[in-house]
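Before any comments, here is the structure.
The values are calculated or read from the model by the stated rules, or taken from the named source; none is laboratory data. Given the structure is predicted, the values throughout are model-derived calculations rather than measurements. Note that we place each Cβ from the backbone using ideal geometry, even for glycine, and neighbour counts take in every protein chain shown. Quick note on the areas: whole protein, heavy atoms, side chains included, nothing else; ligands and nucleic acids left out. Shrake-Rupley method; radii C 1.70, N 1.55, O 1.52, S 1.80 Å.
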Amino acid sequence: MKNIVVLVSGGGTNLQALIDAEKSEIIKNGKITCVISSNPNAYALERAKNNSIETAVIRKKDYHSFDEYDKALAELLLEKKADLVVLAGFMTVLGEKVISAFSNRIINIHPALIPSFCGKGYYGLYVHEAVLARGVKVTGATAHFVNEICDGGPIIMQKAVEVKNGDTPEILQRRVMEQAEWRILPEAVSLFCQGKIKIINNIAVVEE
Ligand code: GAR
């Protein structure tokens with residue numbers, strides 16, 4: 001059984017999808033053992049507590065430098081014996097120490113179809129604002145491994161979602177969550193926990 005540590009910053013609906021998927025055994029061979037938040041007031045922490053999952057808070061601003069923060073987060077993840085780290089709405093960029101300690105063992109959910117609408121500055125509602133401003137007709141979500149390039153790691157799963165006339169960023173965000181994020185993130189986590197994802201030449205190949 002793989003230990004899954006989930007990093008959060010906000011509402012935690014993706015965390016909830018993971019908790020529900022663990023209960024309904026959509027996630028096979030994995031257990032959420034700890035939830036770590038960058039924000040002490042994140043509602044995601046309540047979701048963890050309601051499900052008797054251990055929690056911790058780590059804030060970048062409590063450290064003198066980004067390097068110290070990076071080292072502390074890497075140590076915390078090692079102390080929690082994480083086999084897999086999931087970024088579920090985690091709004092702080094990870095440092096080199098965490099990324100190298102968990103190479104191809106960190107999964108992020110991004111609310112667009114990478115390589116569109118991704119990279120620096122594209123997070124949360126900003127992504128959906130940019131999608132609407134450009135007028136694309138299809139968006140979606142991407143579950144991918146995290147490497148040193150922002151939103152640039154191997155892609156595990158993607159799901160497309162229709163953009164509709166009259167969408168606001170909030171309405172579109174909700175549709176992308178419901179139709180894509182809450183489905184593909186638990187599936188990608190389950191595939192990882194079952195050892196069904198191989199990385200070949202920086203491409204994630206999922207066993208059929
Ligand atoms: C989600 O839409 C997630 O994809 C996005 O933030 C939201 C968090 O919601 N993450 C990013 O933009 C990361 N670059 P949640 O806290 O309800 O899961």
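Data for the structure
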read-out	value
Shape call, region 76-186: gyration tensor on alpha carbons, a/c limit 1.5	prolate
Computed accessible area, SER9, all protein chains, 1.4 angstrom probe, square angstrom	10 Å²
Probe 1.4 Å - accessible area at ARG174, Å² to nearest ten	120 Å²
Choice from PRO40, PRO186, PRO154 with maximal GNM fluctuation in the chain (Cα, 10 Å cutoff)	PRO40
Average accessible surface area per residue within region 69-208, 1.4 Å rolling probe, Å²	49 Å²
C-alpha center-to-center spacing [region 174-188, region 92-132] in angstrom	15 Å
Qualifying GluC sites (Glu not before Pro) for region 8-79 [loop in DSSP, other Cβ within 10 Å: at most 12]	GLU25
Coil-residue trypsin sites (Lys or Arg not before Pro) of region 136-168, DSSP, other Cβ within 10 Å capped at 11	LYS137, LYS164
Region 60-136 pair-distance distribution - Cα-Cα, 5 Å bins, rounded %	3, 14, 21, 20, 16, 13, 8, 4, 1, 0
Descending semi-axes in Å of the chain, equivalent ellipsoid built from Cα gyration tensor	25, 19, 18
Carbon and sulfur %, accessible surface of region 93-208 computed with the full protein complex present, 1.4 Å	53 percent
Shape call, region 29-104: gyration tensor on alpha carbons, a/c limit 1.5	oblate
Beta bridge orientation in the chain: antiparallel %, DSSP, nearest 5	45 percent
